[in-house]
Amino acid sequence: MSNSTLRHALLGYSFLLPNLIGFALFTLGPIVFSLLLSFFNWDLFSTPVFVDTANYLRLFADAGSQFWVYTGNSLFFLVVVPLQMGAALLTAYLLNQHLKGTLLFKIIFFLPVVLSAVPVAIIWEYMLDTENGLLNILLAHLGVASIPWLYDSAWIKPGISLMVVWQGAAFSTIIYYAALQGIPDQLYEVAVLDGAGAWRQFWNITMPLLKPTHFFLSITGVIAALQLFAPIYVMTHGTTGGAHTLLIEVYWAAYHRFQMGYASGLSWILFLIIFLLSLLYWTPFGKRMAEP
Amino acid sequence: MKHRRLTATLFYVLLLAATAWYLVPFLWALVTSLKHPGTISDGRWLPYERASTMEVEGEEQEVRIVEERETTFLVRVLPTDTLREVPRGVLEHVSPNWKNYEETWSIAPFGRYFLNSILVALCMTLGQLITCSLGGYAFSRLRFPGRDAVFLLYLATLMIPTPVLTVPIYLLLREYHLLNTYQGVILPGLFSAYGTFLLRQFFLTIPRELEDAARVDGAGRLGVYFRIIIPLSGPALAALATFVFLGSWNDFFWPSIVLTDPEMLTLPVGLAHLNDIYLFDYGRLMAGSMISIIPAVLMYMVFQRFITRGVVMSGIKG
């Protein structure tokens, strides 16, 4: 190695060093370790035992395995993605109409982004209370019988999703609003000259130009929806019931039952699901959706 | 013209509907946090205080409410053991009950939780600003063997979800007796591949001529980093700071795994404990939620523009 190459290497790696240590200890190292661990059984106290692919096989083969139920629960929460995107697109569109009072509306709609999911989940647990929750009180006025939102395995996922959409839409609103502001006014002016009304302008100009934003929000939304933790954990006080997702199972396996190998294997399955879902975006169909 | 006014009206109706959707849970929680025991779930929008005595035939007598009716109470006058129907207004009047706040505050050390949250969030923010900007500079401006390979490795890890990482990090911290310490919560957050990537992309947009000019003037690489790159990267650094601070401030999963000592909990974890202690005691729970929300709302009011811009630039959920 020449003198100058050595100097370049020293310089480069000394700038990179603090970062590289963090990367090795808290990202790359754990990834490798987790993969290895998934082929072992380890309860933290005895010696780890190599079990080959048993941790993976038991997910699929074990008669008592709840794997598909957990996967189904995880996938259910994907409904929040279109819901929060739709709500966010509508509110961002309204904010972009330059109406009086927009600033105030903006402050209100963006606010949930700074709130921790924990107080929001506690407030929504109360909103969804079977006897005294505001939602059931309002539904009663419409003649709907009270719904056991958090106490019924069929209602618990929709109930939690409501809270997630309430909070998640704020982030999407901010992103949509920024994207809408980036669309040049001239495009609309030309459309007006062509006699296009607001409806046609929205579908022929706004929507196509928002494609990259839809793409971005749907992919980050899917990733976040598959990793919901605080809403489920807090609203069910850890009992989770019908909302027991893959991530919740990883949590219970690792930190309560100390099945470190099994938990690692399951977390890789979660990665695989996220990876496969994001592959959809690289198919020709997905690509067409992403380009303006 | 008429058409346009109609559209504007429709827009306002929709805006108000969205406002209600966002504000109603807050207001409902606020009202509930001020309600008195026994009236917590009365379904009303104001907190009412109930008296236990009322005037009966010129004398103050002790009474019990036997039945609540639409606009009246059926009460038992205790000394004479007789029933009476009186308008609700005789026994109750609107008055906020601050006791929920006092009691919640004395049960859970919210001041301490708040300081813990601030400490963790500030350390992580500062840490990432340093490590990610140094790393971002190396990846964007310095040429050294293995640079592109290492960078590619960073990019590849962006897809890996946090749950994959947390089990090994938990084991690592356990090995070094860092569980239930502030360091244990903070250390893994002092670096992120995403932050490094974000800053590298931004640094690439800074004209190289500025750097060359400074080099001609005799500045070293560290001088360039401090005097050219950092001062010109205000928006990107602010975006990363917002992203890391909000992420840490709101995080529940990681601190709830690492921290067990009640004195060391962050705000979300402490509040979640309260939620398990005061099961269904909604007056106090709403008071606790309000206490934990208020600092975030104040922070948001002051830095609203800054935070919004940061969210857009960092582009990932905080």
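Computed from the coordinates by the stated procedures, all read-outs in this text should not be read as laboratory data. In this text the structure is predicted, and so the values were computed from the model without any measurement. Neighbour counts are summed over all protein chains in view; Cβ atoms, including those assigned to glycine, are modelled from backbone coordinates with ideal geometry.
What's the magnitude of the charge dipole for region B:69-153 around its Cα centre, counting Lys and Arg as +1 and Asp and Glu as -1 at the beta-carbon? Answer in Debye, nearest 20. Each step should come with its number before you reach the end.
Values: 9 positive and 7 negative charges, 99 e Å.
My answer is approximately 480 debye.
Enter the mean number of other protein chain beta carbons within 10 Å of the beta carbon of each residue in B:15-24, as an integer. Numbers along the way, then the final one.
Working: counts 12, 2, 3, 10, 6, 0, 7, 11, 2, 4.
Mean shielding count: 6.
The residues packed around residue A:255, meaning those with a beta-carbon under 14 Å from its beta-carbon, carry a net charge of 0 if Lys and Arg are +1 and Asp and Glu are -1. Sorting the segments B:235-241, B:283-289 by their mean number of nearby beta carbons within 10 angstrom, highest to lowest, gives B:283-289, B:235-241. Judged by the mean number of other Cβ atoms found within 10 Å, the most tightly packed of the peptides A:257-268, A:275-286 leads the ranking A:257-268, A:275-286.
By its C-alpha gyration tensor, with a ≥ b ≥ c as the square roots of the eigenvalues, how is region B:240-301 shaped: rounded for a/c under 1.5, else prolate for a/b larger than b/c, else oblate? Here region B:240-301 falls in the oblate category.
Shielding by partners for peptide A:242-255, expressed as the average number of C-beta atoms from other protein chains within 10 Å of each residue's C-beta, is 2. Database remark: amide H of residue A:40 closer than 5 angstrom to the amide H of A:51 (H placed geometrically; neighbours at sequence offset of 5 or more, or on other chains; Pro and chain starts carry no H).
Sort out for me the Cα centre separation of region A:95-134 from region B:172-229, rounded to whole Å. What the calculation gives is 35 Å, centre to centre.
Comparing B:135, A:87, B:167 along the charge dipole axis of the protein assembly as shown, the residue lying farthest to the positive side is B:135, per the Cβ-charge model. Exposed loop sites here are GluC sites (Glu not before Pro) assigned a DSSP state other than H, G, I, E or B and surrounded by at most 14 other beta carbons within 10 Å; excluding them, the longest clear run of chain B is B:71-318. Near the amide H of residue B:48, within less than 5 Å, lie the amide hydrogens of B:36, B:95, all on another chain or at least 5 residues away, with H placed in the peptide plane.
How much length would be gained if the chain were fully extended between residue A:68 and residue A:144, taking 0.36 nm per residue of separation minus their Cα-Cα distance, in nm to one decimal? Mind showing how you got there, number by number?
On the way: separation 76, 0.36 × 76 = 27.36 nm, distance 3.26 nm.
Computed gain between residue A:68 and residue A:144 is 24.1 nm.
With only Lys, Arg, Asp and Glu charged, each at its Cβ (+1 for the first two, -1 for the last two), find how big the charge dipole of chain A is about the Cα centre; round to the nearest 20 debye. Walk me through the numbers on the way to the answer.
Details: 10 positive and 12 negative charges, 118 e Å.
Charge dipole, chain A, about its Cα centre: 560 debye, nearest 20.
Sorting A:211, A:106, A:287 by the number of Cβ atoms found within 10 Å of their own Cβ, with the fewest placed first, yields A:287, A:211, A:106. Helical content alone sets the calculated 222 nm signal of the protein assembly as shown at -20000 deg cm²/dmol, taking -39,500 (n - 2.57) per DSSP H segment of four or more residues and averaging over every residue. The ranking of A:33, B:226, B:11, B:203 from fewest to most other beta carbons within 10 Å of each one's beta carbon is B:226, B:11, A:33, B:203.
Here the Karplus curve 6.51 cos²θ - 1.76 cosθ + 1.60, taken at θ = phi - 60°, turns the phi angles of region B:206-220 into couplings of 7, x, 5, 4, 4, 5, 4, 4, 5, 5, 4, 6, x, 6, x Hz, with x standing for Gly and Pro. Near residue B:56, the amide H atoms lying under 5 Å from its own belong to B:61; only residues 5 or more places off or on other chains count, and H is placed 1.01 Å from N. Which of the three applies to region A:68-290, rounded, prolate or oblate, going by the alpha-carbon gyration tensor with a ≥ b ≥ c and a/c under 1.5 meaning rounded? The shape class here is oblate. Residue by residue along B:264-274, Cβ atoms of other protein chains within 10 Å of the local Cβ number 3 on average. When the charge dipole of the protein assembly as shown is built from unit charges on Cβ atoms (+1 for Lys and Arg, -1 for Asp and Glu) and taken about the Cα centre, the candidate among B:176, A:123, A:182 whose Cα reaches farthest toward its positive end is A:182.
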